[in-house]
1. Go through (1) more than 16 Å from ligand 1 (Cβ to nearest atom); (2) surrounded by 15 or more Cβ atoms within 10 Å (Cβ to Cβ); (3) within 9 Å of chain A (Cβ to nearest Cβ) and name the single condition B:Leu38 misses.
2. Within the range A:69-89, can you find the residues that are within 13 Å of chain B (Cβ to nearest Cβ) and open to solvent by less than 10 Å² (accessible area, probe 1.4 Å)?
3. Select from the range A:90-112 the residues that are among the hydrophobic types (A, V, I, L, M, F, W, C), surrounded by 14 or more Cβ atoms within 10 Å (Cβ to Cβ) and either assigned to a helix (DSSP H, G or I) or out of contact with any Cys (no Cβ under 7 Å at 6 or more places or on another chain) (or both) and list them in ascending order.
4. Return the residues of the range B:69-91 that are open to solvent by 20 Å² or more (accessible area, probe 1.4 Å), touching a Leu at 6+ places or on another chain (Cβ under 9 Å) and closer than 15 Å to B:Tyr138 by Cβ; say none if nothing qualifies.
5. Looking at the range B:55-78 only, could you name the residues that are within 17 Å of B:Glu3 (Cα to Cα) and in contact with a helix residue (DSSP H, G or I) (Cβ under 6 Å, 6 or more places away or on another chain)?
6. If we keep just the residues of the range B:1-24 that are among the hydrophobic types (A, V, I, L, M, F, W, C) and either facing chain A (nearest Cβ under 10 Å) or closer than 23 Å to B:Gly106 by Cβ (or both), which is farthest from the chain's Cα centre (by Cα)?
7. Filter the range A:26-68 down to the residues that are open to solvent by 30 Å² or more (accessible area, probe 1.4 Å), outside any loop (DSSP other than H, G, I, E, B) and either closer than 16 Å to A:Tyr106 by Cβ or not acidic (Asp, Glu) (or both) and list them by number.
8. If A:Ile6 satisfies all but one of (1) crowded, with 23+ Cβ neighbours inside 10 Å; (2) closer than 22 Å to B:Asn52 by Cβ, what's the number of the condition it fails?
Amino acid sequence: MTVKEIVEILEGTIVYGEDFLDREVHTACGSDMMSDVLAYVKEQAVLLTGLVNPQVVRTAEMMDMKCIVFVRGKSPDIGMINLAEDRDIVLIKTDLEMFTSCGRLYAKGLRGGSGK
Amino acid sequence: MEEVKLHYDVNAYDFICAGEASGKLKRSLKDLGFDATLIRKVAIAVYEAEINMVIHAEGGVIDATITPEDITVVLADKGPGIPDIELAMKEGYSTAPENVRSLGFGAGMGLPNIKKYTDEMDIETEIGVGTTITLKIYNK
Ligand SMILES: Nc1ncnc2c1ncn2[C@@H]1O[C@H](COP(=O)(O)OP(=O)(O)OP(=O)(O)O)[C@@H](O)[C@H]1O
Ligand SMILES: [Mg+2]
């Protein structure tokens, strides 16, 4: 799946990263607790979260994640956008809730960190 | 590659900048040419410990020693100390208050995560004096 497809599937918008729409992603993780995200060292490309603060971007940075999806209509602030730009991470927002967002992406083939 | 030593200061109560030191260390390791999975392990372990220094203690200092064989990181704070290390190491144990949880931390997974990603982990702590965590990750 590409970042562009994620935007379409979630009826979302790109907050940062228009130039990286072709990025390929295969795995994802959805959580509002950052240590839960950090518990899997395996490559995970996408982070879905309802949390909005700079540590979300930093967590994605430590995990080498390519893309963050903010669910439930949450918007990252300018500080987070600057951080994401510097760390080369795409930011997407959607009005869909967490459950629906994860469900739609899973149905289209995106998988969890364990590959299941 | 010769031995490389790096030093970072972690500010007290600065939740915005917390993680800056871990990010810098991560980029330095990348520049030195280490393997991506190894770098991720170091970054996650040091980030968890750095966040702990900000949310549970009053900031502190981080010293990293990098050699071709291994990476050693010492994180020292002057916080309240940890009364029961065995309990603190348990998955799910956290004393984080509600405001810290609303920031996405306080799952009680940080120290277990650090243990998981490091080859050696040592905690020295004294109540009212502070905590020093030493981590070592081998470059296999
Ligand atoms: N540097 C420290 N100084 C004082 N207490 C600490 C320190 N690091 C950890 N602790 C104590 O150990 C507990 C467990 O830490 P751990 O990192 O595993 O979980 P957490 O920080 O509460 O939540 P999480 O890491 O999942 O966000 C903390 O809640 C805190 O009571
Ligand atoms: Mg922690």
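The values are calculated or read from the model by the stated rules, or taken from the named source; none is laboratory data. What you see is a predicted model; the values in this text were computed from it and never measured. Glycine gets a Cβ as well: all are built from the backbone with ideal geometry, and neighbour counts include every protein chain shown. These accessible areas exclude ligands, DNA and RNA; they are computed on the full protein's heavy atoms, side chains included. Shrake-Rupley method; radii C 1.70, N 1.55, O 1.52, S 1.80 Å.
1. (3)
2. Answer for the range A:69-89, where residues must be within 13 Å of chain B (Cβ to nearest Cβ) and open to solvent by less than 10 Å² (accessible area, probe 1.4 Å): A:Phe70, A:Met80, A:Ala84, A:Ile89.
3. As a first pass, look at the range A:90-112 and keep what is among the hydrophobic types (A, V, I, L, M, F, W, C): A:90-92, A:96, A:98-99, A:102, A:105, A:107, A:110.
Applying the additional criterion that residues be surrounded by 14 or more Cβ atoms within 10 Å (Cβ to Cβ) yields A:90-92, A:96, A:98, A:102, A:105, A:110.
Of everything in the range A:90-112, those that are among the hydrophobic types (A, V, I, L, M, F, W, C), surrounded by 14 or more Cβ atoms within 10 Å (Cβ to Cβ) and either assigned to a helix (DSSP H, G or I) or out of contact with any Cys (no Cβ under 7 Å at 6 or more places or on another chain) (or both) turn out to be A:Leu91, A:Leu96, A:Met98, A:Cys102, A:Leu105, A:Leu110.
4. Once the filter is applied, which keeps residues that are open to solvent by 20 Å² or more (accessible area, probe 1.4 Å), touching a Leu at 6+ places or on another chain (Cβ under 9 Å) and closer than 15 Å to B:Tyr138 by Cβ, the range B:69-91 yields only B:Thr72.
5. The initial filter retains those residues of the range B:55-78 that are within 17 Å of B:Glu3 (Cα to Cα), namely B:62-74.
Listed by number, the residues that qualify are B:Ile62, B:Ala64, B:Ile71, B:Val73.
6. Within the range B:1-24, the subset among the hydrophobic types (A, V, I, L, M, F, W, C) is B:1, B:4, B:6, B:10, B:12, B:15-18, B:21.
Then keep just the ones that are either facing chain A (nearest Cβ under 10 Å) or closer than 23 Å to B:Gly106 by Cβ (or both); that gives B:10, B:12, B:15-18, B:21.
Working: B:Val10: 11, B:Ala12: 15, B:Phe15: 15, B:Ile16: 17, B:Cys17: 14, B:Ala18: 11, B:Ala21: 10 Å.
Only one residue tops the list, namely B:Ile16.
7. Initially, the range A:26-68 is screened for residues open to solvent by 30 Å² or more (accessible area, probe 1.4 Å), giving A:26, A:30, A:32-33, A:36, A:40-43, A:52, A:64, A:66.
When the remaining residues are screened for being outside any loop (DSSP other than H, G, I, E, B), the result is A:30, A:36.
Result: A:Gly30, single match.
8. (2)
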